[in-house]
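The values are calculated or read from the model by the stated rules, or taken from the named source; none is laboratory data. The shown structure was predicted, so the numbers you read here are calculated from the model rather than taken from an experiment. Positions of Cβ are generated from backbone atoms using ideal geometry, with glycine treated the same way; all protein chains shown enter the neighbour counts. For the accessible areas, the whole protein counts, side chains as well, though only heavy atoms, and no ligand, DNA or RNA atoms are used. Shrake-Rupley method; radii C 1.70, N 1.55, O 1.52, S 1.80 Å.
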Amino acid sequence: MRFPITLSGRRKAIALTGASALVVAGLVTLPAAMAHAAPGCDITYATNEWTEAPGSGGFTANITVKNTGDALTSWTLRYSYANGQTLTLPGWSANWAQSGANVTASNLSYNGALATGASTSIGINGRWSGSNAKPTSFTLNNTTCTTGGVTPSPSTSPSTGPSPSTSPSSSPSPQARSIIISPASVSVAEGSSSSVTVKLSAAPTSNVTVTLARSGDTSITAPSSVTLTPSNAVAGVAVSIAAAEDSDQTHGTATVAASASGYTGASLAVTEIDNDITQSGKVDNPYAGATGYVNPNWRSRAVAEPGGSRVANTSTGIWLDRIAAIAGNSTTMGLRAHLDEAVLQDAANGSAALTIQFVIYNLPGRDCSALASNGELGVDELPRYKAEYIDPIAAIMSDTKYSNLRIVAIIEIDSLPNLVTNLNIAKCATMNSNGGYVKGVGYALNKLGAIANVYNYIDSAHHGWIGWDTNFGPTAVKLKEAAVAEGSTVSKVHGFITNTSNYSALVEPYINISGTIGGQPVRQAKWVDWNYYADELSFAQAFRNRLVQEGFTSNIGMLIDTSRNGWGNCVQTPCQPIQTTRPTAASTSTVLDTYINQSRIDRRIHPGNWCNQAGAGMGERPTAAPQPGIDAYVWIKPPGESDGSSSLIPNDEGKGFDRMCDPTYTGNQLNGNNMTGSLGNAPISGQWFSAQFQQLMANAYPPLS
Ligand code: BGC
C-alpha cells in the first residue's frame, strides 16, 4: 500500500473509464415570448502551463462551465485554439474531441444536468509549441458564452445565437421588449452580497425605472428599483443582492421580481448560503475543542517500550482491517469495546468533546497495486463488504449510547487513487471495471455519513502520488464519483486525509517548488521529478481547493497523517547510529540536485518508497485546526505497527509479501529503481515492530521531551 505514482505515466493523461456514451446536445431554441429567459453560459478557462524545451511544453486546461440560462439536461462546449495546440485525450469530466483547431467537450452522464446558475468543471491536458494563447470564444449548445462574466465581441457570436432584431426599419414593439436579469439565479453567502446585471432587450428612448420586488426570506435584500438609461440599458447595470447574517440554519431563498411598464418582466432566484448550518447536526471541525481517544491496546504496547510513555497517551487510529476486527478478541478490543471505553474517556475529560478515529479498511480486492496489505475479501465480494462489514459497523456506531462521541471514519486508504494511476495493474483494472472500490466507498459513506455523529474523511493519497497535474484533477474526479455512488451525496463527506501511513514531510522549508537553482527549475530536480508539490501541507491545501471546485462542499477540511513524517532532529555531528540529520538551512549549492538533496527534510532514498522507512521519526503531534483548510494533524497509522514483512511470512490475514518492504530489493520503476530504504526483520503489516518504534521515537520531530 501507500503506492506511488507510475513514473512513466506521470505526464500521461489518465483514462477515465466508465464514461457514459456521448449525449448529443440539442440546439436550444426558445419561443420568442420566452426570449428573456434565453440560454446563457459563462466559461472560465484556466491553465497550468510548463515548458519542456525552449518554446514548447505542456499544459492543463481547467474549464468551468457555468449555465447562466435556462436549465440544461445536456450540453456541448465548443471552442478553438489559435496556436495549433493539441489535446491529450481523453481528458476528464467530459467527452473530449479535437478536429484541427476545433474542440468539443460534451457532458458525461453525471454532469449533463446543469440548473440555472450551476457550474461544472472539466479539464484536459495538452501540448503547445510556439505560444499557448487561451481561446477567447466559447459556445455552449451553440450559444455564445461570456468568459469570466465578459461578453465577447459580436463578431464571435454564432449565427444560431439569440439575436434581437437590429433592422432599423422595424423597431421592436413594446410587447417584445423585456427586462433581463443575468444570471437568472444567484447564491449569496450569508453576511455578504452578490451582484447581478439588470438590463433591457433593446435600448429605450428615455429612462426606464425597473421596480424590484423581493418576496421570500427577509434576510435577503435588493434595492427597490433601478433606473436604466438609453445609454446603459443594453449593457445593463449591476445590482447588489445582499444576505444579512441571521441565526437560522437554512439556506434561505427569495425571488426578486423585476417589472416596468411596457416590458416583459424577469425574475431572479436568490439562495442564501447559510453559515450556521452544521451538516445534519455535525460540527464543522470534529477535532476542534475535543480531546483524542487513546487506544488502550496501542497504549500498552507503547508504554512497554523503553521511553514509550512519552507518546503513549497520543490518540491513534483504530484500523478495522477485517470483519473479525469489529468483534475483536481476547487481546484486541473490538468496535463496541472501543466505543464503550471512549464514553468513559469522554466522561473523564471534563466538558470537552472526545474524538475517536476508526479506519474503514476492508474493500474487496484491497491494496490492488501492492501486496503487503491485501485483505480478506476477493475482488467480487462487494456484497460481503456491505452486509458483513459496513452494515454491522454502522449499526454499532449508531447506538445512542455513543451519540455524544465524535466518531471519525477514515475511508479506505489508497483505493480510489489506485483507480487513477495504477490501471496497468490487473487487479486495479478489475476493481475499476467491476466498480468494487467506487461502490464500496459510496456505500460506506452513505451508511456511516447518515449517522449524526460520524464524520467521513476519504483517503486521498499524498503529494508524491497525485501531485502531478495528470493525477491531481482526475483523482478529485474519481473521489467525487465515489462520493455520489450508492445513494451517497457530497454532503456525506466531511473531508479528506492525505499521507496516511506515508512518510512525506509536512513542510519542506527550503524547497521553493516554483523557484530555480543555478538557472534550472526546481521542479526539474530528480527528487521532485516535475511534481507540483514538495510537501504535504501545500499539497493538502491545494487539493482541498480542487475538491471544492469538483463539487464538494466549501467547508470540507483536510487531515494530514503526521505519525511518521518527522524525519529526525539531530543537528550536530556525529549523530547516533539511528538518528537522522535534519537540515537547518538551505544548501548553498548551485547544482540543482545537490541543492535539493542537501536541503530536503524528507530523507528517503526516493519519494516512492513507502514501507518501514529507515530514518523516519514521529511527526507533529495531533493538533486541531493547525493551518487554514486543515481540520487536524492526526496519527492514523499507529507508530510501531509494521507496513509489511521484509520477507515472506505465511499468515491467515491475506497479507502478501511486497518486495518494497525488503531492504535488499533494488527497486523497480515505481521507485526509480532505487533501494527500498526499508528496515529489515519486519513482521507483517499491522503487527508490532519494536525496532521501528524505537527509531520513530529517536527521530521524532519536534523531538520528544
Ligand atoms: C495493515 C493493517 C493495519 C494497519 C495499521 C495496514 O498496513 O494492513 O492490517 O491494521 O496497517 O497498522
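Tabulated values for the structure
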{"quantity": "For segment 559-682, alpha-carbon Rg over 2.2 N^0.38 Å", "calculated": "1.20"}
{"quantity": "Cα-Cα separations in segment 358-431 greater than 19 Å, expressed as whole percent", "calculated": "41 percent"}
{"quantity": "Ordering of 347-355, 233-241, 557-565 by burial proxy (mean other Cβ atoms within 10 Å per residue, highest first)", "calculated": "557-565, 233-241, 347-355"}
{"quantity": "Under 5 Å, built H, 5+ apart or other chain: amide partners of Ile180", "calculated": "Lys199, Leu200, Ser201"}
{"quantity": "Per residue accessible area in Å² of segment 317-360, where ligands, DNA and RNA are left out and the probe is 1.4 Å", "calculated": "41 Å²"}
{"quantity": "Segment 32-160, accessible area per residue, ligands and nucleic acids excluded (1.4 Å, Å²)", "calculated": "41 Å²"}
{"quantity": "Share of alpha-carbon pairs per 5 Å distance bin for segment 32-160, given as whole %", "calculated": "2, 11, 20, 23, 19, 13, 6, 3, 1, 1, 0, 0"}
{"quantity": "Distance (nanometres) between label positions extended 7 Å along Cα→Cβ at Tyr45 and Ser259", "calculated": "4.3 nm"}
{"quantity": "Per residue convex hull volume, Cα atoms of segment 396-463, in Å³", "calculated": "82 Å³"}
{"quantity": "Per-bin percent of Cα-Cα distances, segment 359-497 [5 Å]", "calculated": "2, 11, 21, 24, 20, 13, 6, 3, 1, 0"}
{"quantity": "Cα centroid of segment 494-535 to Cα centroid of segment 404-451, whole Å", "calculated": "26 Å"}
{"quantity": "Residue-span extension gain [Thr664 to Val283] - 0.36 nm each, minus C-alpha spacing", "calculated": "132.4 nm"}
{"quantity": "Estimated Rh, segment 191-273: Kirkwood, alpha-carbon pairs, angstrom", "calculated": "13.4 Å"}
{"quantity": "All lysines inside 25 Å of Lys386 as judged from Cα atoms, apart from same-chain residues fewer than 8 positions distant", "calculated": "Lys282, Lys401, Lys427, Lys439, Lys447, Lys478, Lys480, Lys492, Lys637, Lys655"}
{"quantity": "Accessible area expressed per residue, segment 191-273, with surrounding protein chains retained (probe 1.4 Å, Å²)", "calculated": "46 Å²"}
{"quantity": "Per residue Cα convex hull volume in Å³ - calculated over segment 447-531", "calculated": "114 Å³"}
{"quantity": "Calculated FRET value between Ser403 and Arg336, using beta carbons and R₀ = 25 Å, to 0.05", "calculated": "0.95"}
{"quantity": "Alpha carbon Rg of segment 546-628, scaled by the compact-globule rule 2.2 N^0.38 Å", "calculated": "1.41"}
{"quantity": "Per-bin percent of Cα-Cα distances, the chain [10 Å]", "calculated": "3, 14, 22, 23, 18, 12, 6, 2, 1, 0"}
{"quantity": "Rg/Rh for segment 255-398, where both radii come from Cα atoms and Rh is the Kirkwood radius", "calculated": "1.23"}
{"quantity": "Centroid-to-centroid separation of segment 67-146 and segment 193-218 [C-alpha atoms, Å]", "calculated": "31 Å"}
{"quantity": "Potential lengthening between Leu344 and Ser194 on full extension [0.36 nm per residue; Cα-Cα distance subtracted]", "calculated": "49.2 nm"}
{"quantity": "Spin-label model distance (nm) - Gln524 vs Val303, 7 Å beyond Cα toward Cβ", "calculated": "5.7 nm"}
{"quantity": "Relative contact order %, segment 32-160, counting alpha carbon pairs below 8 Å whose residues are six or more apart", "calculated": "32 percent"}
{"quantity": "Cα pair count fraction exceeding 11 Å, expressed as % - segment 513-553", "calculated": "67 percent"}
{"quantity": "Peptides ranked, highest mean first, by Cβ atoms within 10 Å: ranges 178-185, 392-399", "calculated": "178-185, 392-399"}
{"quantity": "Relative contact order (percent, whole number), the chain, Cα cutoff 8 Å, 6+ residue spacing", "calculated": "11 percent"}
{"quantity": "Simple spin-label estimate for Ser491 and Asn313 in nanometres, 7 Å along Cα-Cβ", "calculated": "4.0 nm"}
{"quantity": "Reciprocal of mean inverse Cα separation for segment 537-589 (Kirkwood radius, Å)", "calculated": "14.4 Å"}
